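Working notes for the structure below.
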Amino acid sequence: MKPNTKIAMENLIKEAREKIPFDLSFEGNCEGRCDECPFKLLEFLDIDLINWETRLKRGEIPNLGDVHTLGRQCKEIYAILQKKGLVKEPCTACKDGAVNYS
């Protein structure tokens, strides 16, 4: 039996917190492009995760689109971190070619 969307979102958040390195240090690593800045991307994702953690605690139930959107953001940001050499192991979706690196 598949989990409901609340459990799926909780599992997604837990996995993102475990696998994405939110504690990376970026002193002196600015490349001048904010669109793929690892620091900005991690900050953006952390805000989204905190937002969903708060909403779940208040009893809000995400829909399937919410889970899909957050999952896609996690995969895309992880792929950028991997492309920049900040993580070693590619995510499952990245290995399968499901994430566009450009």
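The values are calculated or read from the model by the stated rules, or taken from the named source; none is laboratory data. Being a predicted model, the structure only gives us computed values, none of them experimental. Surface accessibility is based on the protein's heavy atoms, side chains included, excluding ligands, DNA and RNA. Shrake-Rupley method; radii C 1.70, N 1.55, O 1.52, S 1.80 Å.
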Q. What does the accessible area of GLU18 come to, in Å² to the nearest 10, when a probe of 1.4 Å is used?
A. 120 Å²
Q) Which lysines have a Cα lying under 25 Å from the Cα of LYS2, excluding residues fewer than 8 positions away in the same chain? A) LYS14, LYS19, LYS57, LYS75, LYS95
